[in-house]
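Taking it in order: structure first as structure tokens, then the write-up.
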Amino acid sequence: MATSQKRKKVVKRRNLRYHDPNSNNVILFYHTLKSEKKYFNALIVNESFKGIACVIAENKPFKKNQEICWQEAKNIVTPCRVAYCRKIEKGVYFLGLNLIT
């Protein structure tokens, strides 16, 4: 009779994720071909030490590895790279950003 082997569940380590209840949105921007800054708002889903996930309302999706900047404060800008951009509904996207260090 064959014995059944128990399968071990593989647990992947993930970055610590948190959500700051005091801030629900962020200001993001990207540079156009004419070197102009195009600003837009995003709702935060969660944050980690390496990135941020948010929901945006834009007419076009962003491409993977496209650079976007996070305007944290007046003089603090954090460069980010698009990890993914998934369509939720028409004109609404789920955007994952990796912080560039």
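The numbers here are math on the coordinates, done by the rules we state, and not lab data. Keep in mind it's a predicted model, so treat the numbers as computed, not measured. Using ideal geometry, Cβ is built from the backbone for each residue, glycine included, and neighbour counts are taken over all protein chains shown.
Worth a mention:
- Among (1) in contact with a Phe, Trp or Tyr (Cβ under 8 Å, 6 or more places away or on another chain); (2) closer than 16 Å to Ile27 by Cβ; (3) of a type in the set (A, V, I, L, M) - the single one Ala73 does not satisfy: (1)
- Summed over the stretch 26-54, the residues that are over 13 Å from Thr78 (Cα atoms) and assigned to a strand (DSSP E or B) give a count of 14.
- Whichever residue in the stretch 44-70 is more than 14 Å from the chain's Cα centre (by Cα) and farther than 18 Å from Asn25 by Cβ and, among such residues, is surrounded by the most Cβ atoms within 10 Å (Cβ to Cβ): Lys60
- Pairs where the first residue, in the stretch 71-83, is assigned to a strand (DSSP E or B) and the second is of a type in the set (Lys, Arg), C-beta under 8 Å, 6+ apart: Val82/Lys63; Val82/Lys64; Ala83/Lys64
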